[in-house]
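See below for the structure under consideration.
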Ligand SMILES: Nc1ncnc2c1ncn2[C@@H]1O[C@H](COP(=O)(O)OP(=O)(O)OP(=O)(O)O)[C@@H](O)[C@H]1O
Ligand SMILES: [Mg+2]
């Protein structure tokens, strides 16, 4: 067997009220792609944060290339060649791509002396991994997928040869995923090791060499990919079979809830992101928005929730013209939203669960009593949502950034659903969720739709759109390529529309 | 030679501490003060003083007598009010370093009321001065808030610049046509009427402003913790994106918070003229508005902690004054105070960051 690069032995890590890792053994060989699986909260991120120097284990030891090491910071881990791309990115938003890549390396001085040459070097470096980037673009202008590529480049540039990717594909389009996997394979073949955390089993089967499954903080087994199938992996993770039931959708379509009349929207970079888009969504209907990320979905979601002005056209919600009204008016009109950026926009990471559950309705009685917050009502609401939506928290007064990805999403959905919205704009709602949680979110969306809410569902996953939506609208470069009813939809046709090679006649919703 | 070899081979590096245990964060400020006193002791003995005697004088001066303690409170009043003002703005990531100027404008506006209505009864002139003091500071806070809210103009510079404007404006008045004709040409205005001065406690200089300052701490605490507005302020301070998503009007809140912040500093200025000097005069503040930044920071923007810290800093100022009257040159006193500040702040940074010596790698 090939050389063991990373050897974690009997790692235990406790957080207040929870044991995130318990006596975990974990080994990575040189040149392998090792998938790390487990439900939300199983302790995957924690284990990898220990390996990359963000946390220190309570007990256990880490050996790298056979040598015992004491990793006290991410920098020390990086000096041993270990780098991690986190689930939530850690880029400096106002800085350019090149600046972010060089930030914290010793090349900084040189960089400022010779910006142009440096930028070229970064671009060439990226190119050698098959990644195209604009070194001068500011990070805040980038899409999530682009940000991720920058994170990976940053590590490669610092010479990492054990690359930990925490749910990298959650934010990527199918094409990007394929490209990423090619890059990863190429890196593994050249002797680097990749640790890949993901919830998507078909990806694991596609790309991994070995698989480790964590359950409730313990290692339940490390297996070779060739010895297992998806069903077995599922059972290792959750101890049961998960069935996706798409049944029980009442397809009672009611009156129009949202009407977009030829809206145009300018994107962050100053170029039109949406062009003359017209759509209608009805009560009880789920309208899927298909398209490759960066084709106007984010701008669409922001426009419909009042976060981005429209340059032309009208937005009508429940008969009310809300064009260019402040976001608070949209909230009052019953528009709920699950934004793409959960932690930071949809939720406030450093505030506790109480503060987070009232983000949308703190202005309304009984949560508001005169000028004051009614802490008793807030407390009741928080406990009710936690138990009703089965959110796992050890203490409601801890900052919510401690919650696992699945629990964060559940919290966000719980809050939005509890407001009984007329319209819900859901952007990539199951991104980063394990199969159990994904199933739960699907069920919540279907229940909400059955209760008469109009849902606008953005997703890159055509399967998902086909299972959930009544109709699917395809966006390409900010234009509507067409709207098809799911019953008549063909995957190939949708795929072609997504890349702009096919447009429907008489494109109007 | 050796030096440059060392510098080439090794570098210093600052890293953010990931875990700060609560013990350490209590212990470090204590150690820092001890260290500062030690360094100060070395310095004092080098200049031919007996450090223990000097420290004794300083400590006794501030905390060793009822008078000393009362003077600590006198100094703590403006520190507490400006500290709260600054903390409120910092909570929303508004870097208001203009408390000094807002203090002066509050003092000016309150003085204007007192001097314009020398015969008015207390029940009219007192609330009038209070409101004017608040409004003066609030307007001075609002001025830099407008370009910040509407155009994103950085408030750090504008608030700082407005300090100089405010101080010079008051100077121009007390040297100019507000100067007391019976004042032997000193840069002072006429004394306020009795109705326009705050009563003081017994024969100390502690004035009724102390209640105002304590009330301000309670009010700031209640606003932040219990009100809808405070909730909005906390959200904006944590994440502007989340604030917009929640439908919070960020522009309005920037204006309001800067007005309240300025208003609190303005009230501190009002208390100073109505409670201590009983007139407007040159340099009514020994830099309260700047010390307030340190007070707010060391108090971690928490009103109760700011209360404690401002009392300690009050003692610090009083200790300095006693040392001066015991014959130590003012400069020595300043150096001592400076080194204590330096150590406390350095300790504060060390609890959050770690500095290590690292060998340079030849990888670039
Ligand atoms: N800093 C922290 N403080 C307290 N608890 C934490 C902290 N970080 C993680 N936890 C808890 O530890 C457990 C494991 O979390 P972890 O983030 O490792 O899960 P995960 O397997 O990565 O889940 P997901 O798939 O949702 O990302 C969770 O219950 C989480 O709430
Ligand atoms: Mg995770």
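Each residue in the stretch A:23-77 was checked for being within 16 Å of ligand 2 (Cβ to nearest atom) and within 14 Å of chain B (Cβ to nearest Cβ), and 6 of them qualify. Among the residues here, residue A:446 qualifies as modelled with pLDDT of 90 or more and more than 16 Å from ligand 1 (Cβ to nearest atom). Can you tell me which residue among B:201, B:168, B:173, B:188 is within 26 Å of residue B:144 (Cα to Cα) and at pLDDT below 95? Testing whether each residue is within 26 Å of residue B:144 (Cα to Cα) and at pLDDT below 95 leaves just B:173.
Answer yes or no as to whether residue A:6 is more than 14 Å from chain B (Cβ to nearest Cβ), crowded, with 21+ Cβ neighbours inside 10 Å, more than 16 Å from ligand 2 (Cβ to nearest atom) and at pLDDT 90 or above. Before you say what the answer is, go through the steps one by one.
On the way: more than 14 Å from chain B (Cβ to nearest Cβ): yes; crowded, with 21+ Cβ neighbours inside 10 Å: yes; more than 16 Å from ligand 2 (Cβ to nearest atom): yes; at pLDDT 90 or above: yes.
Spelling it out, residue A:6 is indeed more than 14 Å from chain B (Cβ to nearest Cβ), crowded, with 21+ Cβ neighbours inside 10 Å, more than 16 Å from ligand 2 (Cβ to nearest atom) and at pLDDT 90 or above.
In the stretch A:384-402, how many residues are within 16 Å of ligand 2 (Cβ to nearest atom), without any contact (Cβ under 8 Å) to a residue 60 or more places away in the chain and in contact with a helix residue (DSSP H, G or I) (Cβ under 8 Å, 6 or more places away or on another chain)? Adding up the residues that qualify gives 3.
The sole residue among B:178, B:169, B:140 that is closer than 24 Å to residue B:262 by Cβ and part of a loop (DSSP other than H, G, I, E, B) is B:178.
I'd like the full set of residues that are at pLDDT 75 or above and either within 16 Å of ligand 2 (Cβ to nearest atom) or crowded, with 18+ Cβ neighbours inside 10 Å (or both), limited to the stretch A:87-101. First the steps, then the outcome.
Initial filter on the stretch A:87-101 (at pLDDT 75 or above): A:94-101.
Correct list: A:96, A:97, A:98, A:99, A:100, A:101.
If you go through the stretch B:240-261 and keep only what is surrounded by fewer than 20 Cβ atoms within 10 Å (Cβ to Cβ) and either within 11 Å of chain A (Cβ to nearest Cβ) or within 25 Å of residue B:75 (Cα to Cα) (or both), you end up with B:240, B:241, B:249, B:250, B:251, B:252.
Residue B:279 fulfils the conditions (1) over 15 Å from the mean Cα position of the chain (by Cα); (2) assigned to a helix (DSSP H, G or I); (3) surrounded by 18 or more Cβ atoms within 10 Å (Cβ to Cβ); (4) touching a residue at least 60 places away in the same chain (Cβ under 8 Å) except for a single criterion, (2).
If we keep just the residues of the stretch A:152-196 that are within 16 Å of ligand 1 (Cβ to nearest atom) and assigned to a helix (DSSP H, G or I), which is nearest to the other protein chains (Cβ to nearest Cβ)?
Restricting attention to the stretch A:152-196, the residues satisfying the condition of being within 16 Å of ligand 1 (Cβ to nearest atom) are A:164-171, A:195-196.
Within this subset, residues satisfying the condition of being assigned to a helix (DSSP H, G or I) are A:168-171.
Details: A:168: 23, A:169: 24, A:170: 20, A:171: 17 Å.
Applying the filter and picking the extreme gives A:171.
Matching residues to (1) in contact (Cβ under 8 Å) with a residue 12 or more places away in the chain; (2) within 12 Å of another protein chain (Cβ to nearest Cβ); (3) more than 26 Å from residue A:431 (Cβ to Cβ); (4) away from ligand 1 (no atom under 16 Å from the Cβ):
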{"position": "A:350", "(1), (2), (3), (4)": "yes, yes, no, no"}
{"position": "A:366", "(1), (2), (3), (4)": "no, no, yes, yes"}
{"position": "A:371", "(1), (2), (3), (4)": "no, yes, yes, yes"}
{"position": "A:378", "(1), (2), (3), (4)": "yes, yes, yes, yes"}
{"position": "A:407", "(1), (2), (3), (4)": "yes, no, no, no"}
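Taken over the stretch A:341-364, the criterion of being in contact with a strand residue (DSSP E or B) (Cβ under 7 Å, 6 or more places away or on another chain) and surrounded by fewer than 19 Cβ atoms within 10 Å (Cβ to Cβ) is satisfied by A:349, A:350, A:352.
In this structure, does residue A:423 turn out to be within 16 Å of ligand 1 (Cβ to nearest atom) and closer than 15 Å to residue A:338 by Cα?
Working: within 16 Å of ligand 1 (Cβ to nearest atom): no; closer than 15 Å to residue A:338 by Cα: yes.
Against the criterion (within 16 Å of ligand 1 (Cβ to nearest atom) and closer than 15 Å to residue A:338 by Cα), residue A:423 does not qualify.
Just one of (1) within 16 Å of ligand 2 (Cβ to nearest atom); (2) buried (at least 21 other Cβ atoms within 10 Å of the Cβ); (3) closer than 28 Å to residue A:328 by Cβ trips up residue A:429, so point out which. Here residue A:429 clears every test but (1). Can you name the residue in the stretch A:23-60 that is on the phi > 0 side of the Ramachandran plot and surrounded by fewer than 24 Cβ atoms within 10 Å (Cβ to Cβ) and, of all such residues, is farthest from ligand 1 (Cβ to nearest atom)? That would be A:31.
Name every residue in the stretch A:261-286 that is surrounded by fewer than 24 Cβ atoms within 10 Å (Cβ to Cβ) and within 15 Å of residue A:423 (Cα to Cα), in order of residue number.
Restricting attention to the stretch A:261-286, the residues satisfying the condition of being surrounded by fewer than 24 Cβ atoms within 10 Å (Cβ to Cβ) are A:261-272, A:275-276, A:278-280, A:282-285.
Within the stretch A:261-286, A:279, A:280, A:282, A:283, A:284, A:285 meet the criteria.
Only one of the listed residues (A:213, A:223) is part of a strand (DSSP E or B), within 16 Å of ligand 1 (Cβ to nearest atom), in the same structural domain as residue A:134 (by TED's automatic domain parsing) and over 18 Å from residue A:131 (Cα atoms). That residue is A:213. Note on the stretch A:1-47: residues that are under 19 Å from residue A:207 (Cα atoms) and outside any strand (DSSP E or B) amount to 6. Beta carbons closer than 6 Å, at least 6 apart along the sequence or on distinct chains, pair a first residue in the stretch A:44-70 that is over 21 Å from residue A:29 (Cβ atoms) with a second that is part of a helix (DSSP H, G or I) and within 13 Å of ligand 1 (Cβ to nearest atom) for A:55/A:49; A:57/A:50.
Report whether or not residue B:231 is crowded, with 24+ Cβ neighbours inside 10 Å and either without any contact (Cβ under 8 Å) to a residue 12 or more places away in the chain or within 14 Å of another protein chain (Cβ to nearest Cβ) (or both). Taking the combined requirement at face value, the residue satisfies it. Taken over the stretch A:330-342, the residue count meeting the criterion of being more than 9 Å from chain B (Cβ to nearest Cβ) and more than 22 Å from residue A:319 (Cβ to Cβ) is 3.
Taking the stretch B:1-77 and the helices (runs of 4 or more DSSP H) fully enclosed by it, the elements with 3 or more residues that are modelled with pLDDT of 70 or more are at B:22-46, B:51-63.
The values are calculated or read from the model by the stated rules, or taken from the named source; none is laboratory data. None of the values given here were measured: they were computed from a predicted structure. As a convention, Cβ positions derive from the backbone with ideal geometry for all residues, glycine included, and neighbour counts pool all protein chains shown.
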